[in-house]
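The values are calculated or read from the model by the stated rules, or taken from the named source; none is laboratory data. In this text, all values refer to a predicted model and were calculated from it rather than measured experimentally. Backbone-built Cβ (ideal geometry, glycine too); neighbour counts: all protein chains shown. With ligands, DNA and RNA removed, areas are computed over all heavy atoms of the protein, side chains included. Shrake-Rupley method; radii C 1.70, N 1.55, O 1.52, S 1.80 Å.
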Amino acid sequence: MFRARLQHPDSREPVDDCLAVCFRAPHSYTGDDLVEISTHGGLVVPGAALAALTAAGARPAAPGEFTRRAVLNGKMDLLQAEATADLIDAGSPAQRRRALQQLERGLSDRLAGLRNEILELEALIAYDIDFPEEDEGPVSPGRVRGAWEVVRDRVADLLKTAPEGERLREGALLVIAGRPNAGKSSLFNALLGTERAIVTEIPGTTRDAIEAHAVIEGFPFRLVDTAGLRESEERVERLGIEISKRYLEAADLILFCRDAAGEEVPDVGTTPVVEIVTKADLRDRPPGASVSIVTGEGLAELRRRLAEVAFGRLLALGDVEPVVTRARHRAALERAVLELDGFWGARESGVDAAAAATHLRAAVLALDDLIGAVTPEDILDRVFAAFCVGK
């Protein structure tokens with residue numbers, strides 16, 4: 001790194017007293033020859049520096065262009081590139097830790113191992129292809145089945161992390177529901193850590209759903225405060241209740257508040273529900289887990305419970321085991337499992353070994369697509385379109 005004076009190429013007017021460093025290929029982020037210039041901050045100086053560089057023949061980088069070049073030059077794979085974007089966008093400690101784990105090839109190495117196991121299974125099948133006259137072949141059917149079960153289960157186990165992994169990346173949709181004046185808005189503000197929702201003693205104060213991002217026990221949540229659930233003749237309140245019901249249908253987790261015994265939780269299908277008794281500082285509260293916004297009683301336990309219900313699998317796995325965090329990852333693993341099942345179905349149906357083995361080759365290609373070993377341009381375009389400009 002050296003100190004330099006940055007000048008406009010046409011007027012020769014000084015722009016800034018800066019620092020510059022040259023990274024020779026391949027020892028740079030992109031794998032290309034790269035020069036980094038550090039200017040003073042603010043608005044005017046960086047803008048003038050960019051104008052001078054553009055006048056000298058440079059152009060602004062496209063979104064994600066530096067990371068895209070790193071992928072194309074073999075400096076990182078597509079999963080690491082996605083982790084770079086996730087690390088930049090991380091809004092909670094859990095998101096940061098997971099992005100770093102993926103950036104350090106945690107998921108890439110696991111997929112490479114699974115790929116090798118499928119190739120080894122394919123090698124076993126090659127014996128059946130080379131020695132078709134043998135009834136049992138040089139490899140027993142039990143050995144083939146054992147190898148298939150192991151790799152199939154491992155791919156399926158990784159696929160099981162997708163719901164919570166995608167939830168981690170997007171934030172778990174936590175809908176706070178209950179009857180009017182059950183303390184929903186007060187609890188919403190307490191979990192959020194700020195006075196976002198209006199709180200009064202008048203039932204029906206909340207007419208529309210209010211959504212905000214929050215970090216609970218290190219995990220990202222999208223909190224939604226909803227209108228109280230009841231029969232109402234008032235038109236505006238009815239509209240708010242309809243919105244509440246739509247949020248309940250989309251929720252990852254429902255926090256149902258009640259301040260009296262006998263209140264029934266609405267039918268929400270398989271969506272997990274955490275029930276809580278509010279206003280614990282008042283007397284004659286019904287039995288059950290309770291919280292008080294006034295005294296803080298039960299809030300810490302509630303936060304832990306919400307994190308456990310929304311991200312229980314990730315908490316059990318810790319930060320060592322890889323997790324899939326995007327719909328693209330899930331789709332590729334679903335294809336791999338489908339092809340592995342297709343292989344065994346073909347074996348049991350008496351299909352010849354060569355035809356059955358095509359399913360194994362398709363499973364390998366699904367994992368290759370996930371890592372980015374062979375990635376079409378349109379996939380790259382979609383991945384890097386979400387990057388900030390440049391990086």
request  = Filter the range 290-311 down to the residues that are open to solvent by 60 Å² or more (accessible area, probe 1.4 Å) and closer than 21 Å to THR226 by Cβ, then identify the one that is modelled with the lowest pLDDT.
outcome  = ILE293
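Could you run through the range 312-342 and say how many residues are open to solvent by less than 70 Å² (accessible area, probe 1.4 Å), farther than 23 Å from ALA366 by Cβ and of a type in the set (A, V, I, L, M)?
First, the residues of the range 312-342 that are open to solvent by less than 70 Å² (accessible area, probe 1.4 Å): 312, 314, 317-318, 321-329, 331-333, 336-337, 339-342.
Applying the additional criterion that residues be farther than 23 Å from ALA366 by Cβ yields 312, 314, 318.
Next, only the ones that are of a type in the set (A, V, I, L, M) stay: 314.
Number of matching residues: 1.
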task = Tell me which of these VAL151 doesn't satisfy, since it passes every other one: (1) open to solvent by 70 Å² or more (accessible area, probe 1.4 Å); (2) at pLDDT 95 or above; (3) under 16 Å from ARG361 (Cβ atoms).
result = (1)
remark   = Taking the range 71-97 and keeping residues among the basic types (Lys, Arg) and touching a residue at least 12 places away in the same chain (Cβ under 8 Å) leaves LYS75, ARG97
task = Identify, from the list ARG5, ARG24, the residue that is touching a Pro at 6+ places or on another chain (Cβ under 7 Å) and at pLDDT 95 or above.
result = ARG5
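Would you mind finding the one in GLU170, GLU217 that is touching a Lys or Arg at 6+ places or on another chain (Cβ under 6 Å), open to solvent by 10 Å² or more (accessible area, probe 1.4 Å) and at pLDDT 90 or above?
GLU217
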note = How many residues of the range 146-169 are closer than 28 Å to ALA346 by Cα, touching a residue at least 24 places away in the same chain (Cβ under 8 Å) and assigned to a helix (DSSP H, G or I)? The answer is 11
query = Hey, any hits in the range 188-200 for a residue that's modelled with pLDDT of 85 or more and not in a helix (DSSP H, G or I)?
reply = no
query = Just a yes or no: is a residue in the range 246-268 modelled with pLDDT of 90 or more, part of a loop (DSSP other than H, G, I, E, B) and closer than 27 Å to SER92 by Cα?
reply = yes
request  = Go over the candidates ALA332, ALA300 one by one and state the one that is free of Cβ contacts under 8 Å to residues at least 40 places away in the same chain and closer than 12 Å to LEU158 by Cα.
outcome  = ALA332
key: Positions within the range 61-103 being in contact with a strand residue (DSSP E or B) (Cβ under 7 Å, 6 or more places away or on another chain) and open to solvent by less than 50 Å² (accessible area, probe 1.4 Å), in sequence order   = ALA61, SER92, ALA94, GLN95
ask   = Do we have ILE371 as under 29 Å from the mean Cα position of the chain (by Cα), modelled with pLDDT under 80 and among the aliphatic types (A, V, I, L, M) here?
value = no
ask   = When residues of the range 4-24 are filtered for being outside any strand (DSSP E or B), in contact (Cβ under 8 Å) with a residue 40 or more places away in the chain and in contact with a strand residue (DSSP E or B) (Cβ under 9 Å, 6 or more places away or on another chain), how many remain?
value = 1
key: Among residues of the range 173-185, those that are surrounded by fewer than 22 Cβ atoms within 10 Å (Cβ to Cβ) and not in a loop (DSSP other than H, G, I, E, B), counted   = 1
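Can you confirm whether ARG68 is among the basic types (Lys, Arg), in contact (Cβ under 8 Å) with a residue 40 or more places away in the chain, over 30 Å from VAL215 (Cβ atoms) and assigned to a helix (DSSP H, G or I)? Show your work before the answer.
Values: among the basic types (Lys, Arg): yes; in contact (Cβ under 8 Å) with a residue 40 or more places away in the chain: yes; over 30 Å from VAL215 (Cβ atoms): yes; assigned to a helix (DSSP H, G or I): yes.
Answer is yes for this residue.
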